[in-house]
1. Does at least one position in segment 140-154 carry a residue that is at positive phi, free of Cβ contacts under 8 Å to residues at least 12 places away in the same chain, out of contact with any strand residue (DSSP E or B) (no Cβ under 7 Å at 6 or more places or on another chain) and loosely packed, with under 12 Cβ neighbours inside 10 Å?
2. Quick check on segment 74-111: of everything there that is in a loop (DSSP other than H, G, I, E, B) and at pLDDT below 75, which residue is surrounded by the most Cβ atoms within 10 Å (Cβ to Cβ)?
3. Here is a list of conditions, (1) within 26 Å of residue 129 (Cβ to Cβ); (2) surrounded by fewer than 19 Cβ atoms within 10 Å (Cβ to Cβ); (3) in contact with a helix residue (DSSP H, G or I) (Cβ under 9 Å, 6 or more places away or on another chain), and residue 192 meets all of them except one; can you say which number that is?
4. Give the number of residues within segment 190-201 that are under 13 Å from residue 54 (Cα atoms) and in contact (Cβ under 8 Å) with a residue 12 or more places away in the chain.
5. Out of everything in segment 24-50 that is in contact with a helix residue (DSSP H, G or I) (Cβ under 7 Å, 6 or more places away or on another chain) and more than 14 Å from residue 7 (Cβ to Cβ), what residue ends up being surrounded by the most Cβ atoms within 10 Å (Cβ to Cβ)?
6. Looking at 219, 160, 207, which one is surrounded by 13 or more Cβ atoms within 10 Å (Cβ to Cβ), outside any loop (DSSP other than H, G, I, E, B) and modelled with pLDDT under 90?
7. Out of 55, 71, I need the residue that is modelled with pLDDT under 75, surrounded by 17 or more Cβ atoms within 10 Å (Cβ to Cβ) and outside any loop (DSSP other than H, G, I, E, B). Which one?
8. Restricting to segment 42-56, give me the number of residues that are touching a residue at least 40 places away in the same chain (Cβ under 8 Å) and within 12 Å of residue 152 (Cα to Cα).
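The values are calculated or read from the model by the stated rules, or taken from the named source; none is laboratory data. For clarity, every value in this text was computed on a predicted model and none was experimentally measured. Here the Cβ positions follow ideal geometry from the backbone for every residue, glycine too, while neighbour counts run over all protein chains shown.
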């Protein structure tokens, strides 16, 4: 079993576990971590003896996202080629999500709206903040707050889906609909997704994309537009007859 330098890795039976191990930095990501996650997930797709990949963080925070000093600051110093290579690595995940989106979002939205919804979801992940007050139950004093950033898990899951598509003969868009659904069903089962989440909660990136749209006011408006449309809505016959005169 290969030893990974930038996170802890272990295997037990059919479960592989990655543990981010920089608790003093809230397990923030570096270029090396990104690269190792990419290489690890690519290698795991050829392992028939492993069924589950668990990603966790050591200490009080799962992962705070990209390291301010080791990623953001370094990007400002990089040349065009180096920035391009990093953008290519993360951009591949966005491209994969755009390819997957038409499988789980309504085709009636059209290609442009599906891509627009996907890009809004990506923008939401970039603006994600940990510890933001969400909601609490009526009469219940416990306040719910947003958890650690789901982005590292999303990256791993999208890489795994791309690897699965490649193992089946090509890119996601080249797979037939039945195969796409089968791959997603298996991914949801591994992630423990049993129903549409109430909002994006970090279980699986594709399920969270679905929740991002289907739980939105935009989706409600689309449903109302489909059901109450002046082009198809017609008055019932009794409302078109002139009432009898009063006697």
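1. no
2. Ranking the qualifying residues of segment 74-111, first place goes to 78.
3. (3)
4. Count: 2.
5. This residue is 45.
6. 160
7. It is 71.
8. Residues meeting the conditions: 1.
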